[in-house]
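Novice: One structure, pasted below without further comment.
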Amino acid sequence: MGTTRSTESEPEPVWTGLPPGLLRMRRLLLVVWLVPLTLGTGLPLGLLVGPGWAAFALLPLALLLWGWAMLGRNWRSWRYAERADDLLISRGVLWREETVVPYGRMQLVEVTSGPVERHFGLASVQLHTAAAATDARIPGLDPAEAERLRDRLTELGEARSAGL
Amino acid sequence: MTERRLHPVTPLRRAWAPIAVIAGWAFHDPDQTQRQLTRLTTSTLLIAIAIVIPAAALYGFLTWWFTHFAVTDTELRIRTGLLFRRSAHIRLDRLQAVDVTQPLLARVAGVSKLKLDVIGTDKKDELAFLGEDEARVLRAELLARAAGFAPETAHEVGEAPAQQLLHVPARVLAVSLVLTGATWGSLVGALVVPPVVWWASESVWTVLAVALPLLGAAGASSVGRFVGEYDWTVGDSPDGLRIDHGLLDRTHETVPPGRVQTVRIVEPLLWRRRDWVRVELDVAGSSNSVLVPVAPREVAESVIARVLPGVTVPGALSRPPSRARWCMPLWWRGYGLAVTDTVFASRHGLLRRSLALVPHAKVQSVRMAQGPWARLHGLAHVHIDTGANKTVTARLRDASEAAELLYGQADRSRTGRREARPDRWMAGA
């Protein structure tokens, strides 16, 4: 069957992780939101109501520390591999998901980059097939790598084009 | 390229719209309507009619006059619009299905609608109305061109001969509807809910507001389905599958070879003793989803063998491992999976079983998903995405089996595609 042949013809996929820029950006955003919140809760309560009430500031602080660790785990879980005939994307820590998209099925490859992402020098690659449910997105890539990936995927997609 | 116009009765197709608006308004607010009517004098009425009718007629005439269509070697071109121009070029090699429909009034007038199903086309891309014979000739020509006949001869190829595969007798259809839970559910709802509402509110208007939609739903699920699925005929021709049905509104559908993305065999609980099944299919860009409303299993399977050549419906399915009961109590017993050389088959449902078949060549992407609870039990789901925006899921498989399925399916989908027929199905045949 196909499975045995695939292990014969295809070596173990070479996985690529995401560059650290995405993690930096997400952690910075987390700090930008939660540090003022911690201070904004702690200082007025501590000064006006009583020092004991300042303990409420521990809530956003705990969220900050937990989020810091979670972002790291999530970032480490994202990886992709270009095989001879398909692209693999694997992600998620608790809810794991692994997607395989054959190159021949790609209808469109999109590179997007929002203002914040651009500031950090990041870009996302999104693949579309004829099925809307196909969820193949690689966030936080280096723009040069995103463009290389887009060009390579388009080229491979044309060579193996299969459509519907 | 010669541009053509639609049938001259087309302007009349929206003639009922103003009447419907007035009727709806009258129904919505009867007291107000009566007061307005008494105030109307004959002369104002005549003036209104003298303005409204010519204006509506002029609008209808102009929209008809400015709508053209043409068949080129590779495209169907539709040009329309009076103020907002719109032109659509529909590529024939991307054609997924052709529908010719005849609503009751159109049957009386001897005209029909023709719609090309391509991904992205919708209601405004249908050709309504064409003369009956014209629609048939045009459909034959479009199919011949899409099939890859030489452009010079496509005009004369004519209708491909059809061979009847299946006909659903009216009695069987009626019995199958009687044995469907949804029919009884909506009927009971329509009979029980209004008295309860009357008892609670004692207001006629509330009861009417509740009862009318319920009665409508009950009618649609019983009488409506019977009328729509009456005289259901499935035929096979070199141009693909032909599905004709309808008692009042007639629909004739043609699905060329290789366009079917998924097939589902649905088996309601009460049909099981008679071994009847319903077969549904998904074609990208087409709204119709029924292939066979009811048929004995072996007949349905022989039809499926014609729709998906080389496919046999797998008999034995492997169940999830028994530890799946901790993830999905009871219902896990309904899940099943079989992968053959040609299809990926996945079943779900305990009372109303539904078996979905996806030919390997139609798989667009494969996903494996695993939540924390499933991982604790070493289980995972495998989702297969197809081109008709349908996802078929093999639920709660053993995690290592799921990983194997994920990679194996991507591989099978690629090799399956190589063996598939070309889009232009008569080219090289």
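Laboratory data are not the source of any read-out in this text; all were calculated from the coordinates shown. Not measured: the values here are computed from a predicted model. Every residue, glycine as well, gets a Cβ built from its backbone with ideal geometry; the counts of neighbours run over all protein chains shown.
Novice: Would you mind calculating the relative contact order of region B:19-137 from Cα pairs under 8 angstrom and at least 6 residues apart, reporting the percent as a whole number?
Specialist: 13
Novice: Next question, about the same structure. Once you've got the GNM for chain B with C-alpha springs shorter than 10 Å, pick whichever of B:Ala128, B:Ala160, B:Ala300 has the biggest mean-square fluctuation.
Specialist: In the Gaussian network model the winner is B:Ala160.
Novice: So if R0 is 41 Å, what FRET efficiency would A:Ala132 and A:Leu58 give, r being the distance between their Cβ atoms, rounded to the nearest 0.05?
Specialist: 0.40
Novice: Also, quick follow-up: When only alpha-carbon atoms count, how far does the protein assembly as shown stretch along each of its three principal axes, as whole angstroms with the largest first?
Specialist: 85, 73, 55
Novice: Mind checking which of B:Arg86, B:Arg395, B:Arg353 has the largest fluctuation in a GNM of chain B, springs on alpha carbons under 10 Å?
Specialist: With Cα springs under 10 Å in chain B, the top fluctuation among B:Arg86, B:Arg395, B:Arg353 is at B:Arg86.
Novice: Then there is this: Give, as a single signed number, the net charge of other residues whose beta carbon lies under 11 Å from the beta carbon of B:Ser318, with Lys and Arg counted +1 and Asp and Glu -1.
Specialist: Surrounding charge for B:Ser318 is +1.
Novice: Points 7 angstrom from Cα along the Cβ direction at A:Thr154 and B:Glu419: gap in nanometres?
Specialist: 3.5
Novice: On to the next question. Using the Cα centre of chain B as origin and beta-carbon charges of +1 (Lys, Arg) and -1 (Asp, Glu), tell me which of B:Thr386, B:Thr121, B:Ala369 is placed farthest towards the positive end of the dipole.
Specialist: Sorting the options by dipole projection puts first B:Ala369.
Novice: Continuing with this model, one more query. Could you state the number of Å between the C-alpha centres of region A:116-164 and region B:205-224?
Specialist: For region B:205-224 versus region A:116-164, the Cα centre distance is 49 Å.
Novice: Note the per residue figure in Å³ for the convex hull of the C-alpha positions in region B:115-173.
Specialist: On the way: hull volume 9.5 nm³, N = 59.
Convex hull of Cα atoms, per residue: 162 Å³.
Novice: Please compute one quarter of the surface area of the Cα convex hull for region B:4-164 and express it in square nanometres.
Specialist: So the Cα hull casts an average projection of 12.8 nm².
Novice: Taking every pair of distinct Cα atoms and averaging 1/r, then inverting, what Kirkwood hydrodynamic radius in Å comes out for region B:280-405?
Specialist: This gives a value of 15.5 Å.
Novice: May I pose another question? Could you pull the Rg and Dmax for region A:24-73, using just the Cα atoms, both in Å?
Specialist: Expressed in Å, the Cα Rg and Dmax of region A:24-73 come to 12.2, 39.
Novice: Two decimals is fine: what's Rg over Rh for chain B, C-alpha atoms, Kirkwood radius as Rh?
Specialist: Values: Rg = 26.0 Å, Rh = 25.1 Å.
Ratio value, two decimals: 1.03.
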